[in-house]
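Colleague: Below is the structure I would like to discuss, written out as structure tokens.
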Amino acid sequence: MKHNLVVLGGLLILFLTSCIPHKDIVYLQNKNTATDSLQVMIAQQTPYRVQINDILNIRIKVLDQDNVSIFNPIGEGNLNASASERAYFDGFTVDNHGKIRVPELGMITVLGYTTTEIEEEIKARLLEEQFKETANIFITVKLSGLRYTAMGEVGSPGSQILFQERVNIFQAVANVGEIPVTGDRKDVMIIRQYPQGQEIHHLDLTDLNVMQSPYYYIQPNDMIYVKPLKQKTWGTGITGRETLGTFITVLGLVTTTILLITR
């Protein structure tokens, strides 16, 4: 009898610990105060600095647009290509030396520069070599989409390209099919590229204060990794109903085994 109680106690503990708690799957919880509402200041996003293999979209406008037609690509590769493919064909790829090759201007160093700084550099070069101030030069430099990769416990793992200036971690996750119940929302890893190498940053998406993190907004070439919860590997069930079903099945098996042994 005592042995039976020990077995039942062990199964009960397994049942209580194998379910995924509600607090582990709810985003943006107010963990620091009991009030229903809280104003959180979103962290200021620092300007992105261009990296190797980035693709830049450069457009130059002057009063007589025919004079800058050579600078502005027109998508000669494939007119039926997708937006991302057109960006690849029309854009200026940063080479392994951190430079881009611009018609008439030659090689320009852009590694570590912001897009605003690149605009200023190109404008200065054009005024020095090609145009006068009266040409009213207007230059725009943008990244040809924000590329990132999501792995692990997400709906659709893989690479994504979003044509937006700013993308936060929730938008990035939503675009790859959300995090299932079996994903660890408390420790989402951001693997980020830096000139000196890669660094790993951690975000707790269940905490409201994640919006104050300097890594709240993703950057081009980020890799997002969502780890699986331990409950997934245990195989006891994700929801309370599934775990209860497993508990009943195991209890029935144990009871049958005990009856056969004691006879």
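The values are calculated or read from the model by the stated rules, or taken from the named source; none is laboratory data. Nothing here was measured: the structure is a model prediction, and the numbers come from that model. Quick reminder, even Gly has a Cβ in these numbers, built from the backbone with ideal geometry, and neighbours come from all protein chains shown.
Colleague: Tell me, which residue of segment 117-139 that is free of Cβ contacts under 8 Å to residues at least 12 places away in the same chain and charged (D, E, K, R) is surrounded by the fewest Cβ atoms within 10 Å (Cβ to Cβ)?
Modeller: E133
Colleague: Here are L38, L63, L79: which of them is modelled with pLDDT under 85 and in the same structural domain as R192 (by TED's automatic domain parsing)?
Modeller: L38
Colleague: Only one of F71, F92 is modelled with pLDDT of 85 or more and buried (at least 18 other Cβ atoms within 10 Å of the Cβ); which?
Modeller: F92
Colleague: Specify the residue that is nearest to K142 (Cα to Cα); the eligible residues are those in segment 153-180 that are touching a residue at least 40 places away in the same chain (Cβ under 8 Å) and exposed (fewer than 15 other Cβ atoms within 10 Å of the Cβ).
Modeller: F163
Colleague: Something else now. Among the residues of segment 53-64, which ones are in a loop (DSSP other than H, G, I, E, B) and buried (at least 17 other Cβ atoms within 10 Å of the Cβ)?
Modeller: Passing the criteria: D54, V62.
Colleague: When P47 is evaluated against the numbered criteria (1) modelled with pLDDT of 75 or more; (2) part of a loop (DSSP other than H, G, I, E, B); (3) surrounded by 10 or more Cβ atoms within 10 Å (Cβ to Cβ), which criterion, by number, is the only one it fails?
Modeller: Answer for P47: the failing condition is (3).
Colleague: Residues I200, I224, I218: which one is modelled with pLDDT of 95 or more, out of contact with any Cys (no Cβ under 9 Å at 6 or more places or on another chain), assigned by TED's automatic domain parsing to the domain that holds S156 and more than 19 Å from Q164 (Cβ to Cβ)?
Modeller: Exactly one of I200, I224, I218 is modelled with pLDDT of 95 or more, out of contact with any Cys (no Cβ under 9 Å at 6 or more places or on another chain), assigned by TED's automatic domain parsing to the domain that holds S156 and more than 19 Å from Q164 (Cβ to Cβ), namely I200.
Colleague: Right, another one. Which of the residues belonging to segment 181-212 are without any contact (Cβ under 8 Å) to a residue 40 or more places away in the chain and over 13 Å from the mean Cα position of the chain (by Cα)?
Modeller: Selection gives Y194, Q196, G197, Q198, E199, D204.
Colleague: A follow-up question, please. Exactly one condition in (1) out of contact with any Ser or Thr (no Cβ under 8 Å at 6 or more places or on another chain); (2) modelled with pLDDT of 95 or more is false for L244; which is it?
Modeller: Result: L244 fails condition (2) only.
Colleague: While we're on this one: Does segment 131-148 hold any residues that are polar (S, T, N, Q) and either touching a Phe, Trp or Tyr at 6+ places or on another chain (Cβ under 9 Å) or over 29 Å from A172 (Cβ atoms) (or both), and which are they?
Modeller: Narrowing segment 131-148 to residues polar (S, T, N, Q): 134, 136, 140, 144.
T134, N136, S144 - these are the residues of segment 131-148 that are polar (S, T, N, Q) and either touching a Phe, Trp or Tyr at 6+ places or on another chain (Cβ under 9 Å) or over 29 Å from A172 (Cβ atoms) (or both).
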